[in-house]
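The values are calculated or read from the model by the stated rules, or taken from the named source; none is laboratory data. Source: prediction; values computed, not measured. So basically every Cβ, Gly included, is an ideal-geometry build from the backbone, and we count neighbours across all protein chains shown. The accessibility values were calculated without ligands, DNA or RNA, using every heavy atom of the protein model including side chains. Shrake-Rupley method; radii C 1.70, N 1.55, O 1.52, S 1.80 Å.
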Amino acid sequence: MKKIIHVLESIPATIIGGIFLIASFVFPKVGIEILGNLAWVTILISGSPLVYAAVKKLIRNKGISKISSALLISVAMIAAVLIDDLFAAAEVAFIMAIGEILEELTTGRAKKGLKKLINLAPTQGRIIRDGKEIVIPAEEIKQGDVIRILPGEAIPVDGIIISGETSVDQSVMTGESIPVDKSVNDEVFSGTINCFGSIDIKATKVGKNSSLQKLIQMVKDAEDKKAPMQRITDKWASVLVPVALVIAIITYIITKDVTRAVTVLVVFCPCALVLATPTAIMAAIGQATKHGIIIKSGEALEKMGKVNTVAFDKTGTLTYGKLEVSDVICLTGLAEKELVRIAASCESKSEHPLGKSILEYAKIQNIELYQPEEFKMQSGKGVSAIINNEKIICGNEKYFEEANVKIDENVKTKLLELRLQGKVSVLIAKSQECVGIIALSDVIREEANSIVKKLSAMNTDVVLLTGDNKKTADYFAQKAGIKNVHSELLPEEKVSNIIKLQNEGKTVCMIGDGINDAPALKTANVGIAMGIMGSDIAVEASDIALMKDDISKLPYLKRLANATVKTIKFSISLSMFINFLAIALSVLGMLNPTSGALVHNAGSVFVVLIATFLYDRKFDK
């Protein structure tokens, strides 16, 4: 039975029903005689799913939830059939089928993101037993096992490094834009990537307790908490059904005219009410698409109109998410171009993101490189090479200390100053003398500050939630004009911050781009992902995607959402007014079921026309 109903609810079946409905009205008017009434086809196609839904809710649901809009339509349809007004029965069934399809189109949600997130989980690990390496399934790793992770491999469980040094790409968990240096006694998380050195770790959290599995579970839980939007007609059904029946019965008792009673039931059908929300939402979604914004559901658009707090991730959202050379500081008589030349030459064989950024900067500046010799790399520290018979070292303070390169107080002061600006520094030494610093920084979007001001002007609070360190977060927050800053957050901590805001009565919109943002995007009332730079998982987890990565569209989106909510409310009010007017005319005998169906169908036409005005309005000005 379910398969049959599914076919009858499909778009092709509904189109066929519409064709037969039109034919049943037009053919008799032009004198075309046919065998039987074609409206029966529409009743069977569009009416059967309504009767099925009404009966199912009567049997399965409890209390007042047994009464649904489908029940009211079914009663009116059956009553019209009993008095042989088949067109009226077919018309209300068809309009409801159209509304059902439109609502399905606007509220469908993709599940691909969660599958992709699950696929990130490592399937196996290399454990050390009796001095030998054994590869086993990840789910068989136990707490306390020693696991060896080679360069480029994903870490299968949470653990503590007991041997080796490396840099770990933790963007899946924290969203940080560069790998984090790790050494003995440092913690590592499942799902993160070991970039360079081989390390041995002792498993501390395995299976469902590991960070990645908790991340997956948080996304699942958040998805479950977001129940599908209850149709407005079902909210009204508990009132509409009893009222319609009472008015129809009273009309029959007073007038003794069954046609009037049936007409009351027909015009009471909430067809325009059903169309009010999905038509406005589809028009708004079409309007947004023209501006490079993908809105996945009507629920998201409605909630966006109620948002009063916007939470930004930093990397890839407020910033471009790409490190660029920001400062070239010469500490000796070495020329700036020469400092870049020796640093880029030394880093030319490095796979580290900082080294690649320095190399890219040299290419942009058209600086010709030297040919390095005896290249060496120390994971999480830096690189060295022989250039023109001199030893060049590029790295961090720890690497310089181990190489016995002196760093004076002036240099340390400068390094602190750069850190306070949210920048990452690479020290350069030539023949055991520190000759310069190259600082790299993520770049804040030019429009960030103005967007924050515009949102504030719309009575919307702005919050920064980031996995980056406090100094970096504070620096970029100050640039953007954001005062409420929360830094060094893991995915669950971002979720906690959003829940806290919601518990304070805030309607929260979260904007992010990374896999680590997926739980927060799901937990927020509205999740917005940066479509081009953002991960597929973040985009799938979101309710709205900015396909041009243009956060300047946020004020436009807020205005569009506000207008959509107002349009829906106006359309509902208009449809209710037309319905009550038609009821009065039906009671007075001025309408029969067929004319009543046509009059109340005018309400549906008005609702569609009002919704179309949304499509061409200028919300970006």
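List every residue pair whose Cβ atoms sit under 6 Å apart, with the two residues 6 or more apart in sequence or on different chains, where the first one lies in the range 147-158 and is touching a residue at least 40 places away in the same chain (Cβ under 8 Å) and farther than 8 Å from Ile201 by Cβ and the second, anywhere, is open to solvent by 10 Å² or more (accessible area, probe 1.4 Å) and of a type in the set (Ser, Thr, Tyr).
The qualifying pairs are Leu150/Ser198; Asp158/Thr204; Asp158/Ser211.
Lys506 is checked against (1) of a type outside the set (A, V, I, L, M, F, W, C); (2) in contact (Cβ under 8 Å) with a residue 60 or more places away in the chain; (3) open to solvent by less than 60 Å² (accessible area, probe 1.4 Å) and fails just one. What number does that condition carry?
Unmet for Lys506, out of (1) of a type outside the set (A, V, I, L, M, F, W, C); (2) in contact (Cβ under 8 Å) with a residue 60 or more places away in the chain; (3) open to solvent by less than 60 Å² (accessible area, probe 1.4 Å): (3).
Within the range 198-220, restricting attention to residues that are touching a Ser or Thr at 6+ places or on another chain (Cβ under 8 Å) and modelled with pLDDT of 80 or more, which residue is most open to solvent (accessible area, probe 1.4 Å)?
Lys205
If you check Gly481, Gly436, which single one turns out to be modelled with pLDDT of 90 or more and open to solvent by less than 10 Å² (accessible area, probe 1.4 Å)?
Gly436
How many residues are open to solvent by 70 Å² or more (accessible area, probe 1.4 Å) and at pLDDT 90 or above when one looks only at the range 460-470?
Count: 1.
For the range 59-76, which residues satisfy the criterion of being at pLDDT 80 or above and either of a type in the set (S, T, N, Q) or in contact with a Ser or Thr (Cβ under 9 Å, 6 or more places away or on another chain) (or both)?
Ser74
Can you tell me which residues in the range 553-584 are under 26 Å from Ala261 (Cβ atoms), of a type outside the set (A, V, I, L, M) and open to solvent by 50 Å² or more (accessible area, probe 1.4 Å)?
Phe577, Phe580
When residues of the range 245-260 are filtered for being hydrophobic (A, V, I, L, M, F, W, C), surrounded by fewer than 23 Cβ atoms within 10 Å (Cβ to Cβ) and within 17 Å of Gly596 (Cα to Cα), how many remain? Steps first, please.
Residues of the range 245-260 that are hydrophobic (A, V, I, L, M, F, W, C), as a first pass: 245-250, 253-254, 258.
In the following step, the residues that additionally are surrounded by fewer than 23 Cβ atoms within 10 Å (Cβ to Cβ) were identified as 245-247, 249-250, 253-254, 258.
Retained after the next criterion (residues that are within 17 Å of Gly596 (Cα to Cα)): 245, 247, 258.
Going through the range 245-260 one residue at a time, the tally reaches 3.
Listed residues Leu334, Leu354, Leu339; which is assigned to a loop (DSSP other than H, G, I, E, B) and surrounded by 15 or more Cβ atoms within 10 Å (Cβ to Cβ)?
Going through Leu334, Leu354, Leu339 in turn, just one is assigned to a loop (DSSP other than H, G, I, E, B) and surrounded by 15 or more Cβ atoms within 10 Å (Cβ to Cβ): Leu334.
Table: residues versus (1) at pLDDT below 75; (2) part of a helix (DSSP H, G or I).
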{"residue": "Gln230", "(1), (2)": "yes, no"}
{"residue": "Trp236", "(1), (2)": "yes, yes"}
{"residue": "Ala261", "(1), (2)": "no, yes"}
{"residue": "Val264", "(1), (2)": "no, yes"}
{"residue": "Leu273", "(1), (2)": "yes, yes"}
{"residue": "Glu302", "(1), (2)": "no, yes"}
{"residue": "Val307", "(1), (2)": "no, no"}
{"residue": "Ile329", "(1), (2)": "no, no"}
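Pairs under 7 Å by beta carbon, first residue touching a residue at least 60 places away in the same chain (Cβ under 8 Å) in the range 552-570, partner hydroxyl-bearing (Ser, Thr, Tyr), six or more apart or different chains?
Taking only residues 6 or more apart or on different chains, the pairs are Ile568/Thr277.
Being at pLDDT 90 or above, among the hydroxyl-bearing types (Ser, Thr, Tyr) and at negative phi: is that true of Ser379 here?
no
Kindly check whether there is at least one residue in the range 585-595 that is in a helix (DSSP H, G or I) and more than 30 Å from Ala261 (Cβ to Cβ).
No, there is no match, as no residue in the range 585-595 is in a helix (DSSP H, G or I) and more than 30 Å from Ala261 (Cβ to Cβ).
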